[in-house]
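**Q** Quick one: the structure is below, questions incoming.
The values are calculated or read from the model by the stated rules, or taken from the named source; none is laboratory data. Since this is a predicted model, take the numbers as computed values, not measurements. Cβ coordinates were reconstructed from backbone atoms using ideal geometry, including for glycine residues, and neighbour counts include every protein chain displayed.
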Amino acid sequence: MPINVVKYGTPVLRQKGARIETITPTIKKLAADMLETMYAYKGIGLAAQQVAFAVQLTVIDVRGVTDRPSSLELEGQPADVSAFMPMVLINPEVKPVAQAVAGPEGCLSFPEIYADITRPDVVDVIALSLEGKPLQFRCGGLLARVVQHETDHLHGILFIDRMD
């Protein structure tokens, strides 16, 4: 069921999310509701803080964006990004592995506001899946940007904090 997306000024957006130690039915329902919410608001990423839950959980789906390519590598081999969407990341950790580039970003918690944000173009990601399995991948392009944007949310960092 879609959940209301909180807007800038709501204190939970500045809270660092608690690590998820156990994947409970409540966490699984939250992830499902977040996916529905993301699609309802026509977003490509959504962090738990944006629906008023301060936990380290984010959902991502970049399949609908055709003008900004994404790349994905598993164990050093190229993988089909679409085959891994939608993506649920629990307790993600992101490590930059390429130069930073400027690119357009928006945020469901800041309706109608867009800006160029400078972020690494390729990152390595370690997280847990919704099934509690370890995930490890390298991503680039739009997917790397979305992963970094959403991971920032999980630490109380907003894209306006990264504006020039």
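**Q** Given the criteria small (G, A, S), within 22 Å of T22 (Cα to Cα) and surrounded by fewer than 17 Cβ atoms within 10 Å (Cβ to Cβ), does G132 qualify? Give the steps one after another, and end with the answer.
**A** Numbers: small (G, A, S): yes; within 22 Å of T22 (Cα to Cα): yes; surrounded by fewer than 17 Cβ atoms within 10 Å (Cβ to Cβ): yes.
So G132 passes the test.
**Q** Let me ask something else. Identify all residues within region 62-97 that are in contact with a helix residue (DSSP H, G or I) (Cβ under 7 Å, 6 or more places away or on another chain) and not in a strand (DSSP E or B); write none if there are none.
**A** Within region 62-97, V62, R63, V65, R68, P69, V81, P86 qualify.
**Q** Can you say whether R138 is among the basic types (K, R), assigned to a strand (DSSP E or B) and more than 23 Å from V51 (Cβ to Cβ), as far as the supplied structure shows? Can you show your working first?
**A** On the way: among the basic types (K, R): yes; assigned to a strand (DSSP E or B): yes; more than 23 Å from V51 (Cβ to Cβ): yes.
Yes.
**Q** Now a separate question. Kindly indicate which of E36, E73 is free of Cβ contacts under 8 Å to residues at least 60 places away in the same chain and over 21 Å from I157 (Cβ atoms).
**A** Numbers: E73 fails: free of Cβ contacts under 8 Å to residues at least 60 places away in the same chain.
Just a single option satisfies the conditions, and that option is E36.
**Q** Please go through region 137-164 and pick out each residue that is surrounded by fewer than 16 Cβ atoms within 10 Å (Cβ to Cβ), in contact (Cβ under 8 Å) with a residue 60 or more places away in the chain and not aliphatic (A, V, I, L, M).
**A** H155
**Q** Same structure, new question: Cβ-Cβ below 7 Å, separation at least six or inter-chain, first residue in region 42-64 and without any contact (Cβ under 8 Å) to a residue 60 or more places away in the chain and of a type in the set (G, A, S), second surrounded by fewer than 24 Cβ atoms within 10 Å (Cβ to Cβ) and in a loop (DSSP other than H, G, I, E, B): which pairs?
**A** A52/V6; A54/Q15; A54/G17
**Q** Something else about it: Could you list, in sequence order, all residues of region 23-73 that are acidic (D, E), farther than 19 Å from P104 by Cα and either in contact with a strand residue (DSSP E or B) (Cβ under 8 Å, 6 or more places away or on another chain) or modelled with pLDDT under 95 (or both)? Walk me through it before giving the result.
**A** Step one: filter region 23-73 for residues acidic (D, E), giving 33, 36, 61, 67, 73.
Checking the rest, the ones that are also farther than 19 Å from P104 by Cα come to 33, 36, 73.
Scanning region 23-73 gives a single hit, E73.
**Q** How many residues, within region 1-33, are free of Cβ contacts under 8 Å to residues at least 40 places away in the same chain and either within 15 Å of the chain's Cα centre (by Cα) or part of a helix (DSSP H, G or I) (or both)? Let's see the steps before the verdict.
**A** The first filter runs over region 1-33 and keeps only residues free of Cβ contacts under 8 Å to residues at least 40 places away in the same chain, leaving 1-2, 9, 11, 18, 21-22, 24-26, 29-30, 32-33.
With either within 15 Å of the chain's Cα centre (by Cα) or part of a helix (DSSP H, G or I) (or both) added as a condition, the list becomes 11, 25-26, 29-30, 32-33.
Total satisfying the criteria: 7.
**Q** Still on this structure, please answer the following. With respect to I20, determine if the residue is in contact with a strand residue (DSSP E or B) (Cβ under 9 Å, 6 or more places away or on another chain) and surrounded by fewer than 18 Cβ atoms within 10 Å (Cβ to Cβ).
**A** Numbers: in contact with a strand residue (DSSP E or B) (Cβ under 9 Å, 6 or more places away or on another chain): yes; surrounded by fewer than 18 Cβ atoms within 10 Å (Cβ to Cβ): yes.
Yes, satisfied.
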